[in-house]
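Undergrad: What follows is a single structure, and I will ask about it in a moment.
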Amino acid sequence: MDITSDNGKTKIEGDVLVIGGGASGLTAAAAAAEAGAKTIVVEKRSTFGGNAAIRALEICAVESPVQKQELVDISRDALFKKVMKNCRWDCNP
């Protein structure tokens, strides 16, 4: 990634630009970076997570092996309702 400044403007160059640091955006960015792309993520909020962030610094998942090991019991439907309530039913899952 190249970052240069000219005439008070900053120019950032990379191979892939991901708009949004929510669950989908971060997944796309990670996949691009793992494939060797110079990846840039732009997020409008002060934290990553988007509508998938239930609490600060937390990104949700359901039925993962780690959750099962730690006895975290939440269904897909329950998590869907929790995420939708968090965004006041104003997002497109």
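The values are calculated or read from the model by the stated rules, or taken from the named source; none is laboratory data. What you see is a predicted model; the values in this text were computed from it and never measured. When we count neighbours, we look across all protein chains shown, and the Cβ atoms used for this are built from the backbone with ideal geometry, even at glycine. Each accessible area value is taken on the protein alone, full model and side chains, heavy atoms only, with ligands, DNA and RNA left out. Shrake-Rupley method; radii C 1.70, N 1.55, O 1.52, S 1.80 Å.
Undergrad: Pick from segment 42-62 the residues that are open to solvent by 50 Å² or more (accessible area, probe 1.4 Å) and β-branched (V, I, T): which of them is modelled with the highest pLDDT?
TA: Going through the qualifying residues, I end up with V42.
Undergrad: Report yes if K85 is at pLDDT 85 or above and out of contact with any Leu (no Cβ under 9 Å at 6 or more places or on another chain), otherwise no.
TA: Working: at pLDDT 85 or above: no; out of contact with any Leu (no Cβ under 9 Å at 6 or more places or on another chain): yes.
Answer is no for this residue.
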